[in-house]
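Reviewing the structure listed below.
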Amino acid sequence: MLAETICSAAAVAGLGIAGITAYRKRYLSAARIAAYALVPLGLVMTGAVAWIADTAFSPVAWAGFGVLGGAWLLLSSTRAVERRRGGRKETTGGAERPAVAPAASSPSRAVGPKPQPGQARQAGQPAGEDFSDIEAILKKHGI
């Protein structure tokens, strides 16, 4: 008798936690918690906690099997939804926002007119350096 009371209390507490979780708009987690909370209640109702000889003919036991089946169905459907989402976490209403790259700032190097062939070379640039092959590679990759 004590085991049935403890299992029933655990089920009620779990359903309360599921209700609080659903209130916080986390329905998938709430459904999963409810499924786990219904397992002890279903075990008590089937007579698995205190085995009784007439379990097979008890309507309460069959109702317990129905509760266990409902809990299994609820749990498997929430797992299927989670798999379909690809394991993404639920958004919590703005508390945790995904990282976003900041907007691009102005270029660090001023873009000016190309130097004329007769003008002096800039320091660090060897004479006759040709960037056409590098430009071709960058264009090939869409950069």
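Given labels modelled 7 Å from the Cα in the Cβ direction, how far is it in nm from Tyr23 to Leu74? That separation, rounded to one decimal, is 1.7 nm. Take 20-31, 35-46 and order them by the average number of nearby Cβ atoms within 10 Å per residue, most first; the result is 35-46, 20-31.
With r as the distance between the Cβ atoms of Asp130 and Arg84 and R0 = 35 Å, compute the FRET efficiency 1/(1 + (r/R0)^6) and round to 0.05.
Calculated transfer efficiency: 0.05.
With 0.36 nm allotted per residue and the present C-alpha distance subtracted, the Ala13-Ala63 stretch has 15.9 nm of extension available.
Computed from the coordinates by the stated procedures, all read-outs in this text should not be read as laboratory data. In this text the structure is predicted, and so the values were computed from the model without any measurement. Note: ideal-geometry Cβ built from the backbone for every residue, glycine included; neighbour counts use all protein chains shown.
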